[in-house]
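Peer 1: This structure is in structure tokens; I'll ask about it shortly.
Nothing in this text is a laboratory measurement; each read-out follows from the coordinates by a stated rule. If you're wondering where the values come from, they're calculated on a predicted model, not measured in any experiment. Cβ atoms come from the backbone with ideal geometry, glycine included; neighbour counts cover every protein chain shown.
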Amino acid sequence: MLSSIEHDLSEIFGKAFEALELPNKLGIVQRSNRPDLGDYQCNGAMAAAKLGAGNPFVTAEKVVAAIGDNELIEKMDVVRPGFINVFVKAAAISGKLTQLAADSHFGAAEELADHKVMIDFGGPNVAKSMHVGHLRTAIIGDSLQRIFRFKGYEVVSDAHLGDWGTQMGMLIEGLKKRQPDLPYFDPSVTDNFPTESPVTIQDLEVIYPEESGLCKSDPEAAEKARAATLELQNGRPGYRALWKHFVNVSVATLKRDYGELGVSFDLWKGESDADPFITPLLEELVDKAISIQDQGALIVPFRDDEGENIMPPLILRKSDGAVMYGTTDLATLYERVRDDKAQTVLYVVDGRQQQHFKQVFAAADLLGFDATTQYEHSYFGTVNGKDGKPFKTRTGGVMKLHDLIQMAKEEARKKIAASNIDSDISDEEKEDIAHKVAISTLKFADLRNFRIKDYVFDLEKFSEFEGKTGPYLLMQVARIKSILRKASTVSALAGELLATSQNEKALSFRLLDFPAVIDRTVEKRAPHYLCEHLYSLAQEYSSFYQKQHIMKEEDKEKQASLLRLSQVCMQQLEMGLNLLGIDTLERM
Ligand code: ARG
């Protein structure tokens, strides 16, 4: 990772404090919020006074004297009571920026390949189409997988399909009613089942809500669905074969929707893949006396030293023998810890599942998984409508993800038609632009908020070409690209970075923040830090561009430097957007 100027200065100041027999850490240097007074400042002399070092002004002067001439520092001013303001040499800034720009990861990556991070996100359910509730996990999870990978971690993402719960029994029973003669339902048939699915995704989308509604009102139907689920889990061949068809037809549609969003997974495993780990897991829990029998069910109680329950128990196996959502999650974690040897497992799942993950993680701690692995629920808030309630369609139904994307595209088409887009753009390219603008709209609107916060879905606002939006950033990138294209036609080539004027310095400092921004994003599992950085960078570029008349610049060396700075800025914006899962455009 490329060291920051702050870091380099802090080292220099730290040594100076040490020379005065004061703690090294007093030398911490930060960016100044008064660029007219200095680029950086060190406030250590005041802290030194608290440690008994006497007059801070005198200490500050001694520190400055101890540093003397330094190749990084242009000038140091001591200001009462004992601030040290630092101006950095232009050559130092341009040197750092040149290093940053030459690095394929803008100085942010580290050697972390032996640290495996598994990210569990997506979590779509078989036979149900994805809805707005699946939007955040896809967008945030995908951005985190990109950022962690970029930082240097080994990342394995898993869609963790919901494919093992009672809804599977409902589908089996629902289909049995409709087509009782299928071989899957004949217990005497145990193999050679048809390879072709007896149902399409459309069929499943009809059967599922019908059966689920029926099970709510009819206890007998619910009982049948439960029994069928149990038989499936216990391995009845016909049910397993049928279930495989349900999963396959669902996955095909899911891949289409994720494809539209530009989201991908390394693994398309599901709750069902935890099945082989359930038996050894339950044995270990029983052996270690972590689980107990309670009214015929197998549970993990969570008690304090006085034996009081601190939270509801985790139910592993119901009295009828069926395993639960928590069981498959704990067994999946068992695999990720024991077999996959993940150091970190992140669950990018709705905040409304906090209790569930607390229970699963508490059971995992009792098993000692925390000795090798850190697991976290990196949760997110709800997408609300303008009424403050979870977002619905106009008619009050659940908004399908596919429809939402189409809506965003429609809005993008309108905005593009209204803007003065180049007339020579083909319809095909316009469609590609609309698609990318729409995806940037949805993703940026989601990622710009700290993930644990709820937000109000306001497509019109999110689609604006001005303000903190995806389309605004795409526009800025396209604008810089167009400047660079023009420059190359007049053969004004990108040259050395000089960082002489105040604007160039401000933009350079912003660009140099990138590695620290990536670190903070990784540390907090929160892409909004990166969003904030990219937005500030785009704005900084705008004011830079207004003040520096690049194309009219007479000094050719300076012009080349300004172009190079523009290019680096465009590249960082593009790379940052890519880390958010947003594709950029050449023009728009
Ligand atoms: N399928 C679940 C749902 O729709 C989400 C799964 C989240 N991941 C997990 N490991 N529990 O609510």
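Peer 1: Does Met76 satisfy the criteria of being in contact (Cβ under 8 Å) with a residue 12 or more places away in the chain and away from the ligand (no atom under 16 Å from the Cβ)?
Peer 2: yes
Peer 1: Consider segment 85-97. How many of its residues are surrounded by fewer than 17 Cβ atoms within 10 Å (Cβ to Cβ) and in contact with a Leu (Cβ under 8 Å, 6 or more places away or on another chain)?
Peer 2: Of the residues in segment 85-97, 1 are surrounded by fewer than 17 Cβ atoms within 10 Å (Cβ to Cβ) and in contact with a Leu (Cβ under 8 Å, 6 or more places away or on another chain).
Peer 1: If you scan segment 209-230, which residues turn out to be charged (D, E, K, R), free of Cβ contacts under 8 Å to residues at least 24 places away in the same chain and in a helix (DSSP H, G or I)?
Peer 2: Result: Lys216, Glu220, Glu223.
Peer 1: Name the residues in segment 39-63 that are part of a loop (DSSP other than H, G, I, E, B), surrounded by fewer than 22 Cβ atoms within 10 Å (Cβ to Cβ) and of a type outside the set (A, V, I, L, M, F, W, C), would you?
Peer 2: Correct list: Asn43, Gly52, Gly54, Asn55.
Peer 1: Quick one: which of Ser291, Ser250 is touching a residue at least 24 places away in the same chain (Cβ under 8 Å), surrounded by 13 or more Cβ atoms within 10 Å (Cβ to Cβ) and farther than 30 Å from Gly581 by Cβ?
Peer 2: From the options Ser291, Ser250, the qualifying one is Ser291.
Peer 1: Residues in segment 300-352 that are in a strand (DSSP E or B), buried (at least 19 other Cβ atoms within 10 Å of the Cβ) and of a type in the set (S, T, N, Q): how many?
Peer 2: Residues that pass the stated criteria total 0.
Peer 1: Being assigned to a loop (DSSP other than H, G, I, E, B) and touching a strand residue (DSSP E or B) at 6+ places or on another chain (Cβ under 9 Å) narrows it down to one of Ser264, Ser197, Ser250, Ser272, so name that one.
Peer 2: Criteria check complete, one pass: Ser264.
Peer 1: Further question on the same structure: Can you pull out every residue in segment 358-379 that is within 11 Å of the ligand (Cβ to nearest atom) and not in a helix (DSSP H, G or I)?
Peer 2: Tyr375, His377, Tyr379
Peer 1: Filter segment 112-161 down to residues that are assigned to a strand (DSSP E or B) and near the ligand (Cβ under 9 Å from one of its atoms) and give me whichever is surrounded by the most Cβ atoms within 10 Å (Cβ to Cβ).
Peer 2: So the residue we want is Asp120.
Peer 1: List every residue pair whose Cβ atoms lie under 7 Å apart, where the two residues are 6 or more positions apart in sequence or sit on different chains, the first residue falls within segment 331-357 and is more than 16 Å from Thr137 (Cα to Cα) and near the ligand (Cβ under 8 Å from one of its atoms), and the second residue, located anywhere, is assigned to a strand (DSSP E or B) and of a type in the set (Val, Ile, Thr).
Peer 2: So the pair list comes out empty.
Peer 1: If a residue has to be surrounded by fewer than 22 Cβ atoms within 10 Å (Cβ to Cβ) and either part of a loop (DSSP other than H, G, I, E, B) or within 16 Å of the ligand (Cβ to nearest atom) (or both) to count, how many in segment 168-193 make the cut?
Peer 2: Within segment 168-193, residues that are surrounded by fewer than 22 Cβ atoms within 10 Å (Cβ to Cβ) and either part of a loop (DSSP other than H, G, I, E, B) or within 16 Å of the ligand (Cβ to nearest atom) (or both) number 12.
Peer 1: Further question on the same structure: Does segment 317-326 contain at least one residue that is within 16 Å of the ligand (Cβ to nearest atom), closer than 29 Å to Asp114 by Cα and not small (Gly, Ala, Ser)?
Peer 2: Checked against the condition, which is being within 16 Å of the ligand (Cβ to nearest atom), closer than 29 Å to Asp114 by Cα and not small (Gly, Ala, Ser), segment 317-326 yields no hits at all.
Peer 1: Could you tell me whether any residue of segment 94-113 is in contact with an Asp or Glu (Cβ under 6 Å, 6 or more places away or on another chain), free of Cβ contacts under 8 Å to residues at least 60 places away in the same chain and of a type in the set (Gly, Ala, Ser)?
Peer 2: Yes, segment 94-113 has at least one match.
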